[in-house]
Amino acid sequence: MSRRSNGATGVRPIAHQSLVDRVTDEIHRAILNGDLAPGSTVSIVDLCERFSISHIPVREALRRLESEGVISLRPGRSALVATVTSEELRNIYHLRKLVEGDLCLRAAPHMSKERLDDAERALAEYIGIEREPSALAAKHHAFHEAMLLDVIGPADTMVLGLLWKASDRYLHLLMADLDHKPETQESRIDEHRLLLDLARDGKVEEFKDAWIAHLESTETALMKALAVRETATPQAAS
């Protein structure tokens with residue numbers, strides 16, 4: 001493609017956009033793994049030095065993360081990493097149950113064999129991978145998305161993306177404090193197998209109820225792990 005100037009000022013260079021993407025991903029990764037701890041202050045100057053770039057892509061990356069609720073920009077040249085709280089966790093799962101419950105009712109009556117096969121493959125991969133947060137979250141979402149894909153519209157995609165990212169943050173930060181007993185892990189896998197069985201049998205209401213129960217089970221496990229974390233290491237004051 002030839003390069004030419006047409007006087008347009010509203011089009012961003014692709015290279016700059018890619019840089020913002022990379023900076024956003026790197027900061028988000030640091031937040032998920034706890035390198036940037038909940039409640040801590042992030043210096044924009046320090047981030048610029050760390051990435052050897054100007055403040056412009058760093059500020060844009062932080063604005064994106066602020067829209068996802070994981071960063072709060074402050075006056076001046078700093079930002080605050082959002083805290084993790086039981087109230088926020090309850091709110092996240094309250095919204096997930098509302099949104100995903102509705103999607104279940106719409107998806108279940110017309111779920112194709114192709115979608116069920118995709119979900120079964122995702123579940124097999126989920127069972128087989130190491131218990132690493134990023135890989136677990138990706139395969140877990142792939143399983144759920146496969147069964148809902150035919151009824152997920154653009155607005156659903158945006159909302160689910162925000163809610164899943166929000167819940168993933170808790171999974172990453174609390175992984176070490178979750179119950180890892182073999183029977184607990186097997187119970188989680190059984191919850192997913194039940195969803196597949198109910199979807200195959202076309203049991204719409206039972207499928208939705210099992211999905212909600214699965215979310216409630218996850219919420220309960222994360223709440224217990226959060227309580228352990230808060231007892232052991234009180235968060236920094238915001």
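Just so you know, all these numbers are worked out from the coordinates, no wet-lab data involved. Only a predicted model underlies this, so the values are computations on that prediction, with no experimental measurement involved. For neighbour counting, all protein chains shown are included, and Cβ atoms are generated from backbone atoms with ideal geometry for every residue, glycine included.
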Simple Cβ-charge dipole of the chain, Lys/Arg +1 and Asp/Glu -1, about Cα centre, in debye nearest 20:
1140
Computed helical MRE - 222 nm, the chain, DSSP H runs ≥ 4 contributing -39500 (n - 2.57), nearest 500
-23000 deg cm²/dmol
Under 8 Å for C-alpha pairs, at least 6 residues apart: give me the relative contact order for segment 94-238, rounded to a whole percent.
34
For V42, what residues show an amide H to amide H distance below 5 Å, using hydrogens built from the backbone and excluding near sequence neighbours?
A79, L80, V81
How far is helix 204-232 tilted off the main Cα axis of the chain, in degrees rounded to 10, range 0 to 90?
50
Measure out, as a whole number of angstrom, how far apart the alpha-carbon centroids of segment 122-193 and segment 30-69 sit.
26
Give the angle, between 0 and 90 degrees and rounded to the nearest 10, that separates the Cα long axis of helix 113-128 from the longest principal axis of the Cα atoms of the chain.
70
Can you give me the angle between helix 182-200 and the longest principal axis of the chain, using Cα atoms only, in degrees from 0 to 90, rounded to the nearest 10?
70
